Amino acid sequence: MARPQPLADDELAGALADLPGWALLDGRLHRELRFADFSRAFGYMAAVATVAQAMDHHPDWSNVYSTVVIDLVTHDVGGVTALDVELARRMSELARDCGAD
């Protein structure tokens, strides 16, 4: 399957308008989430891992106690693509379900 192409600036601006809490930082979609505790943060990451694996698209992320920091970019095309936007949408839905602030 062909990989998606990087989004044009106007496409990226439109996508960000539909992704509350997300920003463009250093050429990547970026978000920081806070949960009640480590267990909820880790549970969120486990839920996202299942979705990311099914999409064959994996986030750059880190976790310290109750905080999860996420960066999304399609490395092999060198920019943010529709694949990143879709994963960000799904991650936002899961964040709400897992009780992120």
*Starting from the Cα gyration tensor of the chain, take the square roots of the eigenvalues, sort them a ≥ b ≥ c, and report rounded, prolate or oblate (rounded when a/c is under 1.5, otherwise prolate if a/b is larger than b/c, else oblate).*
prolate
*Of 81, 50, 74, 67, how do they rank once you tally other Cβ atoms within 10 Å and put the fewest first?*
50, 67, 74, 81
_Label zone at residue 60 (point 7 Å along Cα-to-Cβ), backbone N below 17 Å, region 8-28_ = 23-28
*Net length gained if the chain between residue 11 and residue 42 were fully extended (0.36 nm per residue, minus Cα distance)*: 8.0 nm
_Given points 7 Å out from each Cα along the Cα-Cβ axis, report the residue 75 to residue 89 separation in nanometres with one decimal._
2.5
*What chymotrypsin sites (Phe, Trp or Tyr not before Pro) does region 7-101 have in DSSP loop regions with at most 13 other beta carbons within 10 Å?*
65
_Just to confirm a number: summing +1 for Lys and Arg and -1 for Asp and Glu over residues other than residue 4 whose beta-carbon lies under 14 angstrom from that of residue 4, what do you get?_
-4
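FYI, it's all coordinate maths here, none of it is from the lab. Quick caveat: nothing in here was measured; it's all calculated off a predicted structure. For neighbour counting, all protein chains shown are included, and Cβ atoms are generated from backbone atoms with ideal geometry for every residue, glycine included.
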